[in-house]
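Taking it in order: structure first as structure tokens, then the write-up.
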Amino acid sequence: MVKISIVMPTFNQAGYIRRAIDSILSQKGGFELELIVVDGASTDSTVEVLKSYGQAIRWISEPDKGQSDAINKGLAMAGGQIMGWLNSDDLYEPGALAVVADIFASEPNTQWVYGKVRVIDLADREVRRWITLYKNLRMRRFSYAKLLAENWISQMGVFWRRGAWEQAGPIRIDLHWVMDYEYWLRLGARWPGRFIDRYLGCFRWYPASKSGANFRKQFAEELDMARQAAGNRYRSAILWHRVLAARTVAIYTLMRAVNRMRGR
């Protein structure tokens, strides 16, 4: 039976973390599940929430160097053949891990997979459906050049084999906004990603979230990572990345202005 290890980095997310944990522990299927929560010494009630799960989860709470450091700590502790991470304000869809386990078990050459992800608000309601539709269309056929031109993969829908992690190495702790995108580029340079045509997770967007509050920095860092990965090749992909990033930043800026006018 395949073992899936999910790492959950968290810091002061007591308001969301129980929903995130429950979305993992409720997964059923022909696999063994390991959940490792790495807390950065939260000052809210996160530790009390973690204690309430007893032996159902493994967790540590100690100061760290940020989200990437917490993820690396958890991955180093993991014992599963399949790995992934879920942020403590996001969710997995019911049945997601069973689908992932079946694909890895039946496709021994597949090293990493990615699937569709919904965008939800603070009340778990689906929002920004047009963004989801756009990403769904982009991700159907994997292309490394296309990934260099734009990040259309959502982190909560990605899983990989332990062997892939051992070859690709740890998450970069010097990155704060796009450590996931940089990792997909590293995986994609070695093996093609395998698309799963179903919803695997939910990304929680809200103005104060990491992505919601820092989208300009995020897209600037994405461009830097794409340029580093491309080197002297894929020049047209990097040019296209500049165009798409500028377009998306303009759209997000307009949306934020409209929401402020509406008092949201």
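The values are calculated or read from the model by the stated rules, or taken from the named source; none is laboratory data. Note that the coordinates shown come from a computational prediction; the quantities given were computed from them, not determined experimentally. Neighbour counts are summed over all protein chains in view; Cβ atoms, including those assigned to glycine, are modelled from backbone coordinates with ideal geometry.
Details
- Residue identified as crowded, with 22+ Cβ neighbours inside 10 Å, at pLDDT 95 or above and out of contact with any Gly (no Cβ under 8 Å at 6 or more places or on another chain) among Tyr234, Tyr183: Tyr183
- Test: residue in the stretch 134-147 that is exposed (fewer than 15 other Cβ atoms within 10 Å of the Cβ) and of a type in the set (Phe, Trp, Tyr): yes
- The set of residues in the stretch 54-71 being touching a strand residue (DSSP E or B) at 6+ places or on another chain (Cβ under 8 Å) and in a loop (DSSP other than H, G, I, E, B) consists of Ile57, Glu62, Asp64.
- Scoring Gly80 on the criteria (1) under 25 Å from Glu166 (Cα atoms); (2) modelled with pLDDT under 95 leaves a single failure, condition (2).
- Matching option when the condition is farther than 23 Å from Gln111 by Cα, in contact (Cβ under 8 Å) with a residue 12 or more places away in the chain and of a type in the set (D, E, K, R), among Arg247, Arg235, Arg242: Arg242
- Scope the stretch 7-26; condition of a type in the set (Val, Ile, Thr) and either part of a loop (DSSP other than H, G, I, E, B) or touching an Asp or Glu at 6+ places or on another chain (Cβ under 7 Å) (or both); matching residues: Thr10
- Any hit, the stretch 180-200, residues being free of Cβ contacts under 8 Å to residues at least 24 places away in the same chain, closer than 30 Å to Val2 by Cβ and assigned to a helix (DSSP H, G or I): yes
- Within the option set Gly169, Gly157, Gly201, Gly163, being under 30 Å from Ala101 (Cα atoms), within 18 Å of the chain's Cα centre (by Cα) and surrounded by fewer than 16 Cβ atoms within 10 Å (Cβ to Cβ) holds for one residue only, Gly169.
- Taking the stretch 85-178 as the region of interest, the helices (runs of 4 or more DSSP H) fully inside it that hold 3 or more residues being out of contact with any helix residue (DSSP H, G or I) (no Cβ under 7 Å at 6 or more places or on another chain) and without any contact (Cβ under 8 Å) to a residue 12 or more places away in the chain are 129-139.
- Breaking point among (1) of a type in the set (Asp, Glu); (2) touching a Phe, Trp or Tyr at 6+ places or on another chain (Cβ under 6 Å); (3) over 23 Å from Ile131 (Cβ atoms), for Glu221: (3)
- From the options Arg118, Arg125, residue that is modelled with pLDDT of 95 or more, surrounded by fewer than 16 Cβ atoms within 10 Å (Cβ to Cβ) and more than 19 Å from Glu182 (Cα to Cα): Arg125
- Odd one out for Glu48 among (1) assigned to a loop (DSSP other than H, G, I, E, B); (2) over 18 Å from Phe203 (Cβ atoms): (1)
- Just one of the listed residues (Gly74, Gly29) is touching a residue at least 60 places away in the same chain (Cβ under 8 Å) and either in a helix (DSSP H, G or I) or within 25 Å of Gly169 (Cα to Cα) (or both), namely Gly74.
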